[in-house]
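Read the structure below first, then the notes.
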Amino acid sequence: MEFEFGAESDALRARLRELIAEHVPADFLGAFTDDPRDLEVAQAFCRVLARDGLLTMAWPEEYGGRGGSIWEQTVMREEMWAHHEPRGAQYMGVNWVGPAIMKHGTPEQRARFLPPIAAGEVIWCQGFSEPDAGSDLPALRTTATRADGGGWRINGQKCWTSYAGIAQWCFLLARTGGHRRRGITVFLLPVDSPGITVRPIRSMLGPHHLNEVFFDDVAVDDSGVLGEVGEGWAVVRDVLAYERVGISRYARCDRLLQLAPQALADVWDDLPESQVTRWATALLETRGVRLLAYKVLQAQAEGHTDPAVVAAYRVAATLLDQSVAEVLMDLLGSAALGPADPAAAADPADPEHRLARFAAAVEDHWRYAQAATIASGTLEMQRNLIGRTLVRHG
Ligand SMILES: Cc1cc2nc3c(=O)[nH]c(=O)nc-3n(C[C@H](O)[C@H](O)[C@H](O)COP(=O)(O)OP(=O)(O)OC[C@H]3O[C@@H](n4cnc5c(N)ncnc54)[C@H](O)[C@@H]3O)c2cc1C
């Protein structure tokens, strides 16, 4: 199978790289570090992309996008993830919150919520998981009950809610009745609503990432219901489908592996052959996962997505993240512990500087890779899905 991205996608890739070089510092490791300036970089970068019509390039024209092809969307995902996602948390608004509102929202909801996402002005968080409802999401127990004067009252707890501490809006699942998948409703509500408490969960992913969110009699009016009351599972299915192809993990693996020989300089020349072979094998595996991603995308473009194939891709991509992280750490050896001479490492002209920057990027990648097989559906759940499909198809 041949995958031609075409001239427009190539031009887009070049433009994105120009913008990243111009607006994102070379040592940027994502929006969620201890340095608050990194979050500002991401917020400003979203506005730059919005100004150039690139932030929501994949959206249909009627919603301010330009209906970018699936290959242009792939280029966007690859370049963003390869460069430590300079859109920060806003990728979620663009990738799945906006499309879910386009599909399930009322005209008023579309008019209200889509323009701020397209302008790069708003951060959304996803209030799905709960302490006893992660893999088994239909077990969720947060309730929304009818309020006397109209609207709804929400009570319960969410956990692992990424970015809740910096988000303005929450895309929330709550039970309005029924059992399991029946009786779940989606609510769109401001995170600063009275009765909402956000508590950060300290983790190796850095600040703003994981949070617990408590709902104590939070009022939402009917305009905050997305789709039909009790029919939220249809929305969830769409969201999970958008989300699971949303991150091009292989692109960061590829970039870091490609950077290794130059960054390691003298260290590279002294590596035993076995380690160079592992590096080459990891590059080949990365290429394999990239092609698997393109196969999934091609099928999606032709309108016949098989959830088991998407799951197989996710298994391959998340395991690749972890194995490449190990290969890179081993290549760095003691250099992973930080620069031998911090003074030389501070000078951008010194090779120590390049090595220290590379080591920091590898360390960041290693930490994120640990969570890859849990977020958006665990490895075991993806394998269950593949297994069930194989049994069904004999
Ligand atoms: C980095 C990160 C960001 C996240 N961001 C968000 C967010 O923004 N919003 C949100 O709502 N959630 C978020 N999550 C939560 C994520 O969706 C859940 O962690 C995930 O669905 C797993 O649920 P759990 O943590 O409750 O684990 P559990 O479901 O309790 O699973 C525990 C273990 O048991 C295994 N297991 C469970 N059921 C089965 C089964 N039937 N068969 C075989 N094995 C099984 C799992 O694979 C896992 O190994 C995030 C998680 C991470 C790591």
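Just so you know, all these numbers are worked out from the coordinates, no wet-lab data involved. What you see is a predicted model, and the numbers here were worked out from it, not measured in a lab. Cβ atoms come from the backbone with ideal geometry, glycine included; neighbour counts cover every protein chain shown.
For segment 381-387, what does the Karplus curve 6.51 cos²θ - 1.76 cosθ + 1.60, with θ = phi - 60°, yield as ³J(HN,Hα) per residue in whole Hz, taken in order and with x for Gly and Pro?
These are the phi-based 3J(HN,Hα) values: 5, 5, 5, 4, 4, 4, x Hz.
For segment 366-373, in order, what is each residue's ³J(HN,Hα) by Karplus, 6.51 cos²θ - 1.76 cosθ + 1.60 with θ = phi - 60°, in whole Hz (x at glycine and Pro)?
Using θ = phi - 60°, the values come out as 4, 5, 5, 4, 5, 8, 4, 8 Hz.
Using the Kirkwood formula over every pair of different C-alpha atoms, what hydrodynamic radius in Å results for segment 248-392?
One over the average 1/r among Cα pairs gives 16.7 Å for segment 248-392.
For Gly127, list long-range residues whose amide hydrogen, built 1.01 Å from N in the peptide plane, is under 5 Å from its own amide hydrogen.
Answer set, sorted by chain and number: Phe171, Leu172, Leu173.
So if I place +1 on the C-beta of Lys and Arg and -1 on the C-beta of Asp and Glu, and nothing else carries charge, what would the dipole magnitude of the chain be about its Cα centre? I want it in debye, nearest 20.
1480 debye
If R₀ is 22 angstrom, what is the calculated FRET efficiency for the pair Glu61 and Lys103, using the beta carbon separation as r and rounding to 0.05?
Step by step, r from the Cβ atoms, then E = 0.85.
Which listed residue (Cys159, Val236, Ser203) has the Cα farthest towards the positive end of the charge dipole for the chain, taking +1 on Lys and Arg C-beta and -1 on Asp and Glu C-beta about the Cα centre?
Sorting the options by dipole projection puts first Val236.
How high is the relative contact order of the chain, in percent, with contacts defined as C-alpha pairs under 8 Å that are six or more residues apart?
Computed value for the chain: 13 percent relative contact order.
Provide the three semi-axes, in whole Å and in decreasing order, of the ellipsoid equivalent to segment 125-240 as defined by the square roots of 5 times the Cα gyration tensor eigenvalues.
22, 16, 12
With axes computed from alpha carbons, what is the tilt in degrees of helix 307-332 against the longest principal axis of the chain, rounded to the nearest 10 within 0 to 90?
Approximately 40 degrees, to the nearest 10.
How much net charge surrounds Val289 when only the other residues with a Cβ under 11 Å from the Cβ of Val289 are counted, with Lys and Arg +1 and Asp and Glu -1?
+2
Would you order Tyr242, Tyr163 from fewest to most other beta-carbon atoms within 10 Å of each residue's own beta-carbon?
Arranged by neighbour count, lowest to highest, Tyr242, Tyr163 become Tyr242, Tyr163.
For segment 261-394, with the dipole built from +1 on Lys and Arg beta-carbon atoms and -1 on Asp and Glu ones, taken about the Cα centre, which of Val289, Asn384, Ala371 lies farthest toward the positive end?
The residue sitting most towards the positive pole is Asn384.
Please list, by residue number, every one of the GluC sites (Glu not before Pro) in segment 286-394 that is coil in DSSP and has at most 12 other beta-carbon atoms within 10 Å.
Glu302
Given points 7 Å out from each Cα along the Cα-Cβ axis, report the Arg367 to Glu22 separation in nanometres with one decimal.
About 3.1 nm separates the two model spin labels.
Name the long-range amide H neighbours of Leu226: under 5 Å, sequence gap of 5 or more, or other chain; modelled H, no Pro or chain starts.
Correct list: Val186, Phe187, Leu188.
May I have the convex hull volume per residue, in Å³, for the Cα set of the chain?
Spread over its residues, the Cα hull of the chain gives 152 Å³ apiece.
Residue by residue, what Karplus-based ³J(HN,Hα) values in Hz, rounded to whole numbers, does segment 166-175 have, using 6.51, -1.76 and 1.60 with θ = phi - 60° and x for Gly and Pro?
With coefficients 6.51, -1.76 and 1.60, one gets 10, 7, 8, 10, 10, 9, 10, 9, 9, 8 Hz.
Measure nothing but the geometry: give the 0 to 90° angle between the long axis through the Cα atoms of 107-118 and the longest principal axis through the Cα atoms of the chain, rounded to 10°.
The helix 107-118 is inclined about 20 degrees to the chain.
Roughly what angle does helix 273-301 make with the longest principal axis of the chain, taking Cα atoms, 0 to 90 degrees, to the nearest 10?
So the helix axis and the longest Cα principal axis differ by about 30 degrees.
Once you place label points 7 Å from the Cα toward the Cβ at Met329 and Ser274, how far apart are they in nm?
Label at Met329, label at Ser274, 1.8 nm between them.
What ranking do Ser248, Ser274, Ser69 get, fewest neighbouring Cβ atoms within 10 angstrom at the top?
Ser274, Ser69, Ser248
Contour minus end-to-end for Asp148 and Phe214, with contour as 0.36 nm per residue of separation and end-to-end as the Cα-Cα distance?
21.6 nm
Report the antiparallel proportion of the DSSP beta bridges in the chain as a percent, rounded to a multiple of 5.
Rounded to the nearest five, the antiparallel share is 80 percent.
Place the peptides 78-84, 331-337 in order of packing, highest mean first, counting for every residue the other Cβ atoms within 10 Å and averaging per peptide.
Per-residue Cβ counts within 10 Å, averaged per peptide and sorted highest first, yield 78-84, 331-337.
Give me the number: length gained by fully extending Arg388 to Asp52, i.e. 0.36 nm times residue separation minus the C-alpha to C-alpha distance, one decimal in nm.
Roughly 116.5 nm would be gained on extension.
Assuming R0 = 35 Å, what is the FRET efficiency of Ala14 and Leu291, from their Cβ-Cβ distance, to the nearest 0.05?
0.95
Roughly speaking, what is the stretch gain from Ala234 to Arg181, that is 0.36 nm per residue apart minus the C-alpha to C-alpha distance, in nm to one decimal?
Length difference between fully extended and current span is 18.2 nm.
Going through segment 225-299, which GluC sites (Glu not before Pro) have at most 14 other Cβ atoms within 10 Å and a DSSP loop state?
Answer in residue order: Glu228.
Run a plain Debye calculation on segment 6-122 (Cα atoms as equal point scatterers, no solvent) and give log10 I(q)/I(0) at q = 0.12, 0.13, 0.17 Å⁻¹, rounded to two decimals, same order as the q list.
Rounded to two decimals, the profile gives -0.41, -0.48, -0.81.
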